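Below you'll find the structure, written out as structure tokens, and then a few comments.
The values are calculated or read from the model by the stated rules, or taken from the named source; none is laboratory data. Just so it is clear, the model here is predicted, and its values are computed rather than measured. Here the Cβ is made from the backbone with ideal geometry for all residues, glycine too, and neighbour counts use every protein chain on show. Note: areas computed on protein heavy atoms with side chains; ligands, DNA, RNA excluded. Shrake-Rupley method; radii C 1.70, N 1.55, O 1.52, S 1.80 Å.
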Amino acid sequence: MIAAIFDATFPWPLFIGALFAGGLVKGALGVGLPLVSTPLLGLGLSSYQSISLLAAPVALSNLYQAIDGGRIVETLQRFGGLIIAQFIITILTVKLTLALSPAQLNDLLAIALLLAVASMVWQPTLSISREKEARVGIVVGLLAGILGGVSSLTGPVTLTYLLALRLDRETFVSSISTIYFIAALPLYGALMWYDRMTNVDLVLSAFGLAPMAAGLAIGKRVRYRLNEQLFRRLLLVFLTLLALILLFK
């Protein structure tokens, strides 16, 4: 196993860079770790391994930001329907991910990236009462679960919805981190159950916590100092290029 972990063919610079970049974006914006790191890893690894290697960084970064935000109970109360619907539908659809060929998964990842870019550009404003939020949230959870089940990326649908609600920055970061953490559990659990995530992948995923944490810490520091609009535009261009690379890979 040790020999497999330190295989000379493993792209360590790409692995470290992808996790650091994903952590940096997540620290600055509150989202973006799998959206950035998965396609970057996909440039040198299979799509399935790219998803598996993010298990520990995605779960723990979201858990950290959810706890750091101090709004977990509030998020569960406000978005409980969304979270439950997304959790259940992800379990039901995740087999579709496992049945895809690497080329098909690359295409779906690219489409999910482009959806994320579109949601960040669009930034819709919805007028939804707290009473209607519960019903709309369930629909959002179902759609996010379907997308997450077939592509591993639940972000675009949930991101669009929370951006539309115009939450303040700290509520947004805490809420989306809580939602993403819970959504990751059935996805990575299924990969382990169906043997698509190996013990070596788990160990490498744990190694990825260090560069992710470094990026997260730096991103958090610059969150209030950075011109958020400029950073967002650069991120959109970067994600669009990654999506195009995946489509033609």
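Assorted remarks:
- Chymotrypsin sites (Phe, Trp or Tyr not before Pro) within segment 180-249, DSSP loop, no more than 11 other Cβ atoms inside 10 Å: TYR224, PHE248
- For the chain, modelled as a GNM whose springs connect Cα atoms under 10 angstrom apart, the maximal fluctuation among LEU96, LEU143, LEU216 occurs at LEU96.
- The angle separating the long axis of helix 228-247 from the principal Cα axis of greatest extent in the chain is about 50 degrees.
- Ranked by solvent-accessible area (1.4 Å probe, protein heavy atoms only, all chains present), the residues ARG221, ARG169 order from largest to smallest as ARG221, ARG169.
- Between GLU170 and ALA118, residue separation times 0.36 nm minus the direct Cα-Cα distance comes to 16.5 nm.
- Summarising the label geometry, the points placed 7 Å from Cα in the beta-carbon direction at THR9 and GLN104 lie 2.5 nm from one another.
- Highest GNM mean-square fluctuation among ALA59, ALA116, ALA99, for the chain modelled with Cα contacts below 10 Å: ALA99.
- Take LEU226: with every protein chain present and a 1.4 Å probe, its accessible area is about 70 Å².
- Once the mean of 1/r is taken over each pair of separate Cα atoms and inverted, the chain shows a Kirkwood hydrodynamic radius of 17.9 Å.
- Segment 13-80 versus segment 179-249: alpha-carbon centroid distance in Å: 4
- Its Cα gyration tensor gives segment 62-103 an equivalent ellipsoid, and the semi-axes of that ellipsoid, as √(5λ) in whole Å with the largest first, are 29, 14, 5.
- Derived scalar couplings between HN and Hα for segment 152-169 equal 6, 10, 8, x, x, 5, 5, 4, 4, 5, 5, 4, 5, 6, 6, 5, 5, 4 Hz in order, rounded to whole Hz, by the Karplus curve 6.51 cos²θ - 1.76 cosθ + 1.60 (θ = phi - 60°), x for Gly and Pro.
- Across GLU131, GLU170, the residue with the most accessible area heads the list, and the full order at a 1.4 Å probe is GLU131, GLU170.
- Calculated from backbone phi, Karplus (6.51, -1.76, 1.60) coupling profile of segment 68-81 in Hz, x at Gly/Pro: 4, x, x, 10, 5, 4, 4, 5, 4, 6, 7, 10, x, x
- Modelled this way, with points 7 Å down the Cα-to-C-beta line, the labels at SER46 and ILE84 are 3.8 nm from one another.
- Its relative contact order, with pairs defined as Cα atoms under 8 Å and 6+ residues apart, puts segment 1-159 at 25 percent.
- With viscosity 1.567 mPa s and temperature 4 °C, the Kirkwood radius over alpha carbon pairs of segment 136-249 converts through Stokes-Einstein to a diffusion coefficient of 78 µm²/s.
- Over every Cα atom in segment 1-131, the radius of gyration and the widest Cα-Cα span, Dmax, amount to 17.1, 57 Å.
- Computed over the chain with a Gaussian network model linking Cα atoms closer than 10 Å, the most mobile of ALA184, ALA134, ALA28 is ALA134.
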